[in-house]
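Worksheet: one structure, shown below.
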Amino acid sequence: MKKQGAENGKRAVINGNSSPLPPAHCLPDALVIISAEFITSAVRPEQYPQDKLPEVAFAGRSNVGKSALINCLIQRKKLVRTSRTPGRTQLINFFKMNDCFRFVDLPGYGYAKVSQSLRESWGPMIETYLDSRQNLRGVVQIMDLRHPPSPDDISLWSWLKEKKIPAIPILTKADKLSRTKWNPLAQAAGRILGISPGDFIIFSAQTQQGRNELLCRVKELILQPK
Ligand code: GDP
């Protein structure tokens, strides 16, 4: 494969085996999302987009605020539908950003189900995506600041660590609590997941708290070579 430079707007290909990095111009410093479009929904790998664009996946319990978070990042009210919309919520949804990377919206895991393994709790469809997708650069795992991580949250987090898939932990709906409660809750959640409280991004789709920080972390994920 021919070697190309990112600086001239073409895809940077480090060597023949590596995935392309997005052109530099589509990832300015603050990761401004200038375009976002729904591409497809999929269940099986053969239905996934068949190219090498880097992907960042979003995961969380149903109703945690995943759609609101993605819509907040891309500053669109309804590109990603809310949990009340039937149909798409049980599929893996691919969205193309700035024509050079993708957000992947994974189905929310259940409220009441508490089970041992990711496979049981969340289904082989998602495990197959996370385990086999070459395009995947990392996962944004969304949890609710108001509640301790659920057994399913813990199970997904440990599974991602075990598979060495980079993950960004989010505690969302922060606007529903006073700021004085944020730190103690992040500490408690950190103890449960075995991470430092500073690793969390405290987020609110309503106030956009944490949006810039998350965009920076997402950009780091997208730019890491695979
Ligand atoms: P999903 O099932 O994870 O995609 O959840 P949604 O994004 O549809 O959000 C579920 C509910 O929580 C909706 O009523 C949202 O308006 C609400 N919600 C989501 N994020 C926030 C937030 O940051 N702050 C507040 N106050 N409400 C939120």
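Taken together, the values in this text are just the output of simple stated rules run on the coordinates, not laboratory data. Keep in mind that what you see is a predicted model, and the values were worked out from it rather than measured. Note that each Cβ is placed from the backbone with ideal geometry, even for glycine, and that neighbours are counted across all protein chains shown.
In summary, the aspartates and glutamates within cross-link reach of Lys173, defined as a Cα separation below 18 angstrom excluding same-chain residues under 8 places away, comprise Asp144, Asp153, Asp199, Glu213. In sequence order, region 39-54 has phi-based couplings of 9, 6, 10, 9, 10, 10, x, 5, 8, 5, x, 9, 9, 10, 4, x Hz under the Karplus curve 6.51 cos²θ - 1.76 cosθ + 1.60, θ = phi - 60°, and Gly or Pro positions carry x. Taking amide hydrogens as placed 1.01 Å from N in the peptide plane, the amide H of Leu136 sits under 5 Å from those of Glu55, each at least 5 positions away in sequence or on another chain. Database remark: amide H of Met143 closer than 5 angstrom to the amide H of Ile170, Leu171, Thr172 (H placed geometrically; neighbours at sequence offset of 5 or more, or on other chains; Pro and chain starts carry no H).
Once both labels are positioned 7 Å from their Cα atoms along Cα-to-Cβ, the gap between His147 and Ser178 label points is 2.4 nm. Within region 141-213, the trypsin sites (Lys or Arg not before Pro) that combine a DSSP coil assignment with at most 16 other C-beta atoms in a 10 angstrom radius are Arg146, Lys163, Lys164. Across region 125-133, rounded Karplus estimates of 3J(HN,Hα) from the backbone phi angles (6.51 cos²θ - 1.76 cosθ + 1.60, θ = phi - 60°) give 4, 6, 4, 4, 4, 5, 7, 10, 6 Hz, Gly and Pro being marked x. Seen through its C-alpha gyration tensor, with square-root eigenvalues sorted a ≥ b ≥ c, region 107-226 comes out oblate because a/c lies at 1.5 or above while a/b is not bigger than b/c. Computed packing ranks the peptides 126-132, 148-154 as 148-154, 126-132, most packed first, by mean other Cβ atoms within 10 Å. Considering only C-alpha atoms, what is the centroid distance from region 52-68 to region 152-193, in Å? Cα centroid to Cα centroid, the span is 15 Å. All other residues whose Cβ lies under 12 angstrom from that of Val104 are scored, Lys and Arg at +1 and Asp and Glu at -1, for a net of +3.
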